[in-house]
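The structure appears below as structure tokens.
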Amino acid sequence: MRSAMAAMESVLAHALERAQRRGELRAAHSPVELARFLTTFVQGLRVMGSAGADRSFLEAAVSGA
């Protein structure tokens, strides 16, 4: 599980770094920190879904992020 999360974080960080180079993401944002946030958020959604949260709850969480 840990290696899968690390792989997801790495892929996201590289994508965010590319976006930063293209000017799509401000330089003030750390691609690694954003990737870590996104990985944590996605895992949290998975846990909440497994715990029985309904679709509207999960969609509201995504909209608020």
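Residues with beta-carbon under 13 Å from that of VAL42, excluding VAL42: net charge, scoring Lys, Arg +1 and Asp, Glu -1?
On the way: positive: ARG36, ARG46; negative: GLU9.
So the environment of VAL42 carries a net charge of +1.
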### Query
On a 0 to 90 degree scale, rounded to 10, what angle separates helix 55-64 from the longest Cα axis of the chain?
30
### Task
Rounded to whole Hz and in sequence order, give me ³J(HN,Hα) for the range 44-52 from the Karplus expression 6.51 cos²θ - 1.76 cosθ + 1.60, θ = phi - 60°, writing x for Gly and Pro.
x, 4, 5, 5, 5, x, 5, 7, x
### Query
Exactly which trypsin sites (Lys or Arg not before Pro) in the chain are in a DSSP loop and have at most 15 other Cβ atoms within 10 Å?
ARG22, ARG26
### Query
Tell me, what ³J(HN,Hα) does each residue in the range 13-25 have, in order and in whole Hz, if you take phi through Karplus 6.51 cos²θ - 1.76 cosθ + 1.60 with θ = phi - 60° and put x for Gly and Pro?
4, 5, 5, 5, 5, 4, 4, 5, 4, 7, x, 8, 9
### Summary
Checked against the structure, the computed semi-axes √(5λ) of the Cα gyration tensor in Å among (1) 20, 13, 12; (2) 21, 12, 9; (3) 25, 15, 7 is the one labelled (3)
### Message
Loop-only GluC sites (Glu not before Pro) in the chain, please: DSSP not H, G, I, E or B, and at most 14 other Cβ atoms within 10 Å.
### Response
GLU24
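Each value in this text was obtained by applying a stated rule to the coordinates, not by laboratory testing. Bear in mind that the values here come from a model prediction, so they are computed numbers and not experimental data. In this analysis, Cβ positions are derived from the backbone assuming ideal geometry, glycine residues included, and neighbour counts consider all displayed protein chains.
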